[in-house]
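Before any comments, here is the structure.
The values are calculated or read from the model by the stated rules, or taken from the named source; none is laboratory data. Since this is a predicted model, take the numbers as computed values, not measurements. Here the Cβ positions follow ideal geometry from the backbone for every residue, glycine too, while neighbour counts run over all protein chains shown. What goes into the accessible areas is simple: the full protein's heavy atoms, side chains included, and nothing from ligands, DNA or RNA. Shrake-Rupley method; radii C 1.70, N 1.55, O 1.52, S 1.80 Å.
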Amino acid sequence: MTNLLADLATALGSGTVRVIDLSQPLAPDTPVIALPPQFGQSAPFRVEPISHYDARGPAWAWSNLSLGEHTGTHFDAPIHWITGKDQPNNALDTIPPQRLVAPANVIDCATDCATNPDFLLTRARLEAWEAAHGRIEAGSWVLLRSDWSKRPGPAMFLNAADDGPHTPGPDPDCVQFMVRERDVIGFGTETVGTDAGQAFGFDPPFPCHAGMHGANKFGLASLTNLDRLPPKGAILITPPR
Ligand code: 23J
Ligand code: MN
């Protein structure tokens, strides 16, 4: 115990423990969630240079940024959804920081999602994963690997049609299983939001937002590099960004 942190520092330095960035860089063409037109909309990501080693600032480069909170790789705090609005410590400035470090369970559904963009993660699928890899322990993340982050361009990534977006996510019963029977810390995904693209029509609508945030649990969206994580064994560090 006494050497735990020293051993970790050594392992990080030597590469025995690897550090993998699960976030995507932000750019003006970063895909942004689009809601039906009667609702308010998220602004696109913008970078406005203040100076760039030039007359505006000869030795320094810096910029003004503007973006919606839901842009690129992001953390959904409980306060993001109405069900979580009265939870204690439900926002990024009040969440106890130890809740921002937790183990990850990576559920590889890439093959399923390649043939079915409306793939739904189910309780049965998680139970089968547990039989192979071990139990999803309380306080750990469930991450859905869909390889969605590898889709070329915003249109393929958002995959919107006349009847709404077609992207994978958990079904309502799977959310209840994760929340009530496994007491996970949250659910993470490679798509633009934690719910499936068609989840506006589920019962309840947006079950992952409603169920997770109503239980003071978290979401992670637009993750990348999930193919570089083991099914079990990684620890996620999820500070606000
Ligand atoms: C439906 C309506 C509003 C929002 C959302 C879904 C999401 O946040 C999402 O991740 O899909 S803001
Ligand atoms: Mn969201």
Quick check, is D162 of a type in the set (D, E, K, R), away from ligand 1 (no atom under 16 Å from the Cβ) and either at positive phi or free of Cβ contacts under 8 Å to residues at least 12 places away in the same chain (or both)?
-> yes
Restricting attention to region 23-43, which residues are open to solvent by less than 90 Å² (accessible area, probe 1.4 Å) and either out of contact with any helix residue (DSSP H, G or I) (no Cβ under 7 Å at 6 or more places or on another chain) or more than 17 Å from L223 (Cβ to Cβ) (or both)?
-> S23, L26, A27, T30, V32, I33, A34, L35, P36, G40, S42, A43
Out of the residues in region 44-65 that are part of a loop (DSSP other than H, G, I, E, B) and at pLDDT 95 or above, which is least open to solvent (accessible area, probe 1.4 Å)?
-> F45
State yes or no: is P103 away from ligand 1 (no atom under 16 Å from the Cβ), closer than 21 Å to D227 by Cβ and surrounded by fewer than 18 Cβ atoms within 10 Å (Cβ to Cβ)?
-> yes
Residues of region 137-156 being open to solvent by less than 60 Å² (accessible area, probe 1.4 Å), hydrophobic (A, V, I, L, M, F, W, C) and out of contact with any Asp or Glu (no Cβ under 6 Å at 6 or more places or on another chain), which ones?
-> W141, V142, L143, L144
Name the pairs: first residue in region 185-198 and closer than 14 Å to F157 by Cα and of a type in the set (A, V, I, L, M, F, W, C), second residue open to solvent by less than 10 Å² (accessible area, probe 1.4 Å) and near ligand 2 (Cβ under 8 Å from one of its atoms), Cβ to Cβ under 7 Å, at least 6 apart or on different chains?
-> V192/A221
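Within region 123-133, identify whether any single residue is at positive phi, small (G, A, S) and either open to solvent by less than 30 Å² (accessible area, probe 1.4 Å) or in a helix (DSSP H, G or I) (or both), and answer yes or no. Reasoning before the result, please.
Step one: of region 123-133, the residues at positive phi are none.
No, region 123-133 contains no residue that is at positive phi, small (G, A, S) and either open to solvent by less than 30 Å² (accessible area, probe 1.4 Å) or in a helix (DSSP H, G or I) (or both).
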Counting just the residues of region 170-184 that are in contact (Cβ under 8 Å) with a residue 40 or more places away in the chain and open to solvent by less than 10 Å² (accessible area, probe 1.4 Å), which one comes out farthest from N116 (Cα to Cα)?
-> V184
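Let's see how each residue does on (1) closer than 14 Å to A102 by Cβ; (2) within 15 Å of ligand 2 (Cβ to nearest atom):
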{"residue": "N159", "(1), (2)": "no, no"}
{"residue": "P165", "(1), (2)": "no, yes"}
{"residue": "G169", "(1), (2)": "no, yes"}
{"residue": "F177", "(1), (2)": "no, no"}
{"residue": "F218", "(1), (2)": "yes, yes"}
{"residue": "A234", "(1), (2)": "yes, no"}
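Looking only at residues in region 190-214 that are open to solvent by 40 Å² or more (accessible area, probe 1.4 Å) and either more than 10 Å from ligand 1 (Cβ to nearest atom) or assigned to a helix (DSSP H, G or I) (or both), which one is nearest to A160 (Cα to Cα)? If you could, list the steps in order and put the result at the bottom.
Of region 190-214, the ones open to solvent by 40 Å² or more (accessible area, probe 1.4 Å) are 198, 200-206.
Applying the additional criterion that residues be either more than 10 Å from ligand 1 (Cβ to nearest atom) or assigned to a helix (DSSP H, G or I) (or both) yields 198, 200-204.
Numbers: Q198: 10, F200: 13, G201: 15, F202: 17, D203: 21, P204: 21 Å.
By that ranking, first place goes to Q198.
Using the structure shown, decide if G153 is at pLDDT below 95 and over 14 Å from C109 (Cβ atoms). Let's see the steps before the verdict.
On the way: at pLDDT below 95: yes; over 14 Å from C109 (Cβ atoms): yes.
The answer is yes for G153.
Looking at P88, P117, which is the one that is crowded, with 18+ Cβ neighbours inside 10 Å and either free of Cβ contacts under 8 Å to residues at least 60 places away in the same chain or over 15 Å from P240 (Cβ atoms) (or both)? Give the steps one after another, and end with the answer.
Values: P88 fails: crowded, with 18+ Cβ neighbours inside 10 Å.
Being crowded, with 18+ Cβ neighbours inside 10 Å and either free of Cβ contacts under 8 Å to residues at least 60 places away in the same chain or over 15 Å from P240 (Cβ atoms) (or both) holds for just one of P88, P117, which is P117.
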Are there any pairs, at least 6 apart or on different chains, whose C-beta atoms fall under 9 Å, with the first in region 13-27 and more than 17 Å from I237 (Cβ to Cβ) and the second assigned to a loop (DSSP other than H, G, I, E, B) and open to solvent by 40 Å² or more (accessible area, probe 1.4 Å), and if so, which?
-> L26/L67
